[in-house]
Amino acid sequence: MRAGEFFGALRERQFRLLWLGQATSTLGDGLVPVAVAFAVINTLDLGPTALGIVLAAEALPLVAFVLAGGVWADRLPRQMVMLASDVVRGAVQATLAVLLLSGAAELWHLVVLLAIYGTAHAFFQPAATGLVPETISPGRLQQANALLGLSRSLAFVVGPAVAGVIAAVTNPGIVFALDAVTFSVSAVSLALLRLPRRRRPGERQSFFADLKGGWHELVSHTWLWVIVAWASAFLCVVVAPYMTLGPVIAKESLGGPAAWGMIAAGWGIGTVIG
């Protein structure tokens, strides 16, 4: 694919708006993991157990509500679901920024606020996946998905390195403030989209009937539930220890937030290459 073809999707206004907002927001997302880690182990001066609790507070609602999020993404305008999620997540990050910068943050603040963040994210992601084809002509859908994937990968290379430097020289609350701003950009871009009203085919079922149908689709396709099971095991066995113990080791032995930011950026580089 030539460079002109690869970026051809950006010629279409609706996708260009979507990509601008999502690329900006994803860059903010790339900043946050390092900030969360050092907000717990540096600012609050707590250990890996507390960090694990905070990370689980975000991850568990995401897993618990993502199927419900998919149902609502099919029942409501996806643009509005994403916009509402951005507003909630931006408010969470702004609140965390204020708490950390003022020195008032406590462990329970992070647990509660990141649980809200994870719940909102569970509704955002299915809607985002379904919205892309509504913003681009069919012939450029592959280009659009490739651009979004590239933006996501680059964000998790650049973001951790930048966040590590910020956390090393100042308060991690600055990172949360920056992420709140990126959600504002995403929300504005979504609000500016002008999409045709989507009609849901067939007779509308109850929410629980749709939820049951989604679960049936998951378990009835072997390739799908095997991938989900493998990803879950990988997250538990590899990613969870890495995200929980890595920052602590970086703080104690490798120089602190900047070192962990570079390590996390290395993970992102490996992901891009892979």
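The values are calculated or read from the model by the stated rules, or taken from the named source; none is laboratory data. All values reported here derive from a predicted model rather than from experimental measurement. When we count neighbours, we look across all protein chains shown, and the Cβ atoms used for this are built from the backbone with ideal geometry, even at glycine. Just so you know, the surface numbers come from the protein's heavy atoms only, side chains and all, with ligands and any DNA or RNA stripped out. Shrake-Rupley method; radii C 1.70, N 1.55, O 1.52, S 1.80 Å.
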Multiply the residue separation of residue 219 and residue 253 by 0.36 nm, subtract the distance between their alpha-carbon atoms, and state the gained length in nm to one decimal.
7.8 nm
Can you give the accessible area of residue 216, probe radius 1.4 Å, in Å² rounded to 10?
110 Å²
Just how large is the dipole of the chain about the Cα centre, in debye to the nearest 20, putting +1 at every Lys and Arg Cβ and -1 at every Asp and Glu Cβ?
1040 debye
In Å, what is the Rg of the alpha-carbon atoms in the chain, and how long is Dmax?
19.3, 60
Residue separation between residue 46 and residue 112 times 0.36 nm, minus their alpha-carbon distance, gives in nm 22.1 nm
Rounded to the nearest Å, the spacing of the alpha-carbon centers of the range 125-141 and the range 29-80 is 24 Å
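What is the packing order of peptides 263-274, 130-141, 52-63, 232-243, taking the mean over residues of other C-beta atoms within 10 Å and listing the highest first?
In decreasing order of mean packing, 263-274, 130-141, 52-63, 232-243 become 52-63, 130-141, 263-274, 232-243.
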